[in-house]
Amino acid sequence: MDQKSIQPGGEGHTLTVRVRLLHATVRNCILNLMDQDLAYFDEAKYGAPVNLRDAIRVTAIFYCMPLFRQLPNIGFQPHPQETEDFLVLFRYSTYVMATPDSFFNGTE
């Protein structure tokens, strides 16, 4: 992937926006099904379907990226710039998906 891919109109940017739209579509479908059958989804128990809290949680999981952080244990040591680039790209994708990213500053 190159920098052009993540710019508006690029393949990476377009795919990220499509994921955001998919989330909105799923949320809307669940809400419509709830209008027909309140038992379909327990909003009181789970919160709104596909909500901002879910997006932040997923961001936290991927930002910590256990697999990426385990690479040194299998003999691959990413260059610090590669780590920084990975995290910057991930933060940008969360921005495009309208997920707050202020919690995820730095590479620590």
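Restricting attention to the stretch 59-105, and to residues there that are within 22 Å of G10 (Cα to Cα) and of a type in the set (A, V, I, L, M), which single residue is modelled with the lowest pLDDT? Selected residue: L87. The stretch 12-108 holds helices (runs of 4 or more DSSP H) entirely within its bounds, and those carrying 2 or more residues that are within 12 Å of the chain's Cα centre (by Cα), under 22 Å from D2 (Cα atoms) and not charged (D, E, K, R) map to 52-64, 80-96. Scanning the stretch 1-49 for residues that are in contact with a helix residue (DSSP H, G or I) (Cβ under 7 Å, 6 or more places away or on another chain), modelled with pLDDT of 90 or more and of a type in the set (A, V, I, L, M) yields a count of 4. In this structure, is G47 among the small types (G, A, S) and surrounded by fewer than 11 Cβ atoms within 10 Å (Cβ to Cβ)? The answer is no for G47.
Among the residues making up the stretch 59-69, those that are surrounded by fewer than 14 Cβ atoms within 10 Å (Cβ to Cβ) and closer than 21 Å to A98 by Cβ are A60, I61, C64. So for the stretch 73-92 (the condition being of a type in the set (V, I, T) and in contact (Cβ under 8 Å) with a residue 40 or more places away in the chain), does at least one residue qualify? No, every residue in the stretch 73-92 fails to be of a type in the set (V, I, T) and in contact (Cβ under 8 Å) with a residue 40 or more places away in the chain.
For Y40, the criteria (1) more than 20 Å from P100 (Cα to Cα); (2) exposed (fewer than 10 other Cβ atoms within 10 Å of the Cβ) hold in every case but one, which is (2).
The values are calculated or read from the model by the stated rules, or taken from the named source; none is laboratory data. This one's a predicted model, so the numbers in the text were calculated from it and none came from an experiment. All Cβ positions, glycine included, derive from the backbone under ideal geometry; neighbour counts span all protein chains shown.
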